[in-house]
Structure formats: structure tokens, C-alpha cells
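Below you'll find the structure, written out as C-alpha cells, and then a few comments.
Each reported figure results from applying straightforward, stated rules to the coordinates on display, with no laboratory input. Source: prediction; values computed, not measured. As a convention, Cβ positions derive from the backbone with ideal geometry for all residues, glycine included, and neighbour counts pool all protein chains shown.
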């Protein structure tokens, strides 16, 4: 009897050891599987929310082929945007006797943003009236869409029009199509000569101007410029569009002597901000010269309000600040 009991105990112990070994092996396999999965997920590109981002642009994208196709090199801007400036330095445009510098109101540009396997392209082309139809027709033939065509200023001579464009696809092919269209205009592709007067006399220190607008500006030739992003994200067909692709409020100062400056640019507004900003500008002697769209399918819907004045710099700065205070802009620390 005792011998049988001992044999039973041995069998029970043997079965327990086999079961424990199996459980240990399964646990090790589960741990290895979970660890491998975690490593794979953590190695995938992540968005700010921590989720894998299929549209994240690879680091070090080579834009040389785009520059060659377009005919001019650009530079990287915030948001991984490659932007090419094409100022109309060939034009001699005046407004009420003031000659416009290209950086004030005659700056064509094209911006490229990688979106997964494709590239989004947006731009604003400065054209004379007799260039509009031929350029537009050539762009259409190359698959580049037009999203707006309008004025930006008033009383200019000669008349100037602004054509906003949009395309999605192969960046090099789009750049070539834009080049071929602009070749039908007199748009210069050569680099602009440096300004002979790099320090503008605005009648006010630029640091004081920064303080007045609560923003940081930068010098472009003799024009002092501000680019002010909106606080909310702008989406187009489900894709976020960076402010550097033409969605930032632009304010430009060109000195005209005796402490005065000509100002122009455009405020980027949602519908509820349009009339409060108009009132702020008019209360401060600043003209509203155009109000229109630049895009077709953006969210939220945006309106672009262009303006003009030639007056005391301090007065203009106060008026512009009043308008900015009516908007949902990204505040600088």
C-alpha cells in the first residue's frame, strides 16, 4: 500500500513539473512577442499625438531636382516647406507716386510640402494684365490649378494681378509646369541683386516696431516684414497646411521718408473676424484694398484682406496692432 502511495505521489509531482515548465515557456514566448511588437511600433514615425504618421517627411529630402525644374533654388521654411521666391524686380509699379519694392507687394512665390508619396504645391504669381491668360492656360495644360485671380492694391500703374495656384503630385513635374508657364511672362529667374541700402529709415527702431505689434519682424532689402501665423491648424482635404505656405498674415513696411512708411500685405481671417478687422483698419486711417479667398477647400474657411496706407510709422503700427488684437493669432512669448 505504501509503495503504491509513493508511486502516485511521484506521478503527481512529475505532472506538476511538466505543467509548470509549459507555463514558463508560454510566458517567455509571450514576453518576447510583446517586446518585439513594442520595438516595431516605437521605431515607426510618430506624430505629435504619438500615433504613427504616414505623412511624415523623411529627413534630408533633396530638393535640388525641384530647383532645377523650376529654374531657381529656394530655402526650407518652418513646417518642412521648400519655398522659392520669384520677385518681380522687372516691374516698375507705382501707387500714388510711390514706387513699390518687390518685397512690399510684387513677390511671386511657390511652396512645396511633401505629403506621403505626393507633394502639395501652393503659390502666388504676380502678373501683368497681358500675361494672365497665357500663363493660366499653360498652367492648366500642366495640371496646375488656379484657386484665385484678383488685385491686391488699388490705383497701381501698371495694373498688376495675383494668381494663386495649387497642385498635388510629383514635385519635379509640377515645378517644370510652373516654370514653363512663367516663361511666358517676364518673371526673372535670376537671383536678385543685394540692396545698396540694407538699413531702411523707418523713423522708428525695428525693435520698437516689434514691440508695437508684439511680433518679430525681419528685414528683406529695405522692407521690414512680419509673418504672423493663426493659432488654429488649417486643413485642406484632410491634410494640415503649414502657415509658411501662404497662410500667415503678412505685414510689410517700406519707408517713404520723414518718419513715414507705405504698408501693405494681407490679414488671414475667419468669417467672424472680417468686419471687426475692417473697422479697426478704417478707424486708424488704413485702406482696405481687397477681400477674397486664396484657396478652395480649406477648413476653417479663410478670407484674405489686403490693405494700404502711407503715413506715420507709429500711427500705422498702432492701427495694425488693433487689427491683430481682433484675430485668433499665434501669440509670441
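Numbers below:
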quantity: The range 196-245-the range 123-181 distance, computed between alpha-carbon centres (Å); calculated: 24
quantity: Kirkwood hydrodynamic radius (C-alpha pairs) into Stokes-Einstein, the range 118-161, 4 °C and 1.567 mPa s, D in µm²/s; calculated: 110
quantity: Fewest-first ranking of 266, 90, using other Cβ atoms within 10 Å as the exposure measure; calculated: 90, 266
quantity: The range 196-333 shape via C-alpha gyration tensor axes, a/c threshold 1.5; calculated: prolate
quantity: Cα-based radius of gyration of the range 62-193 once divided by 2.2 N^0.38 Å, which approximates compact folds; calculated: 1.03
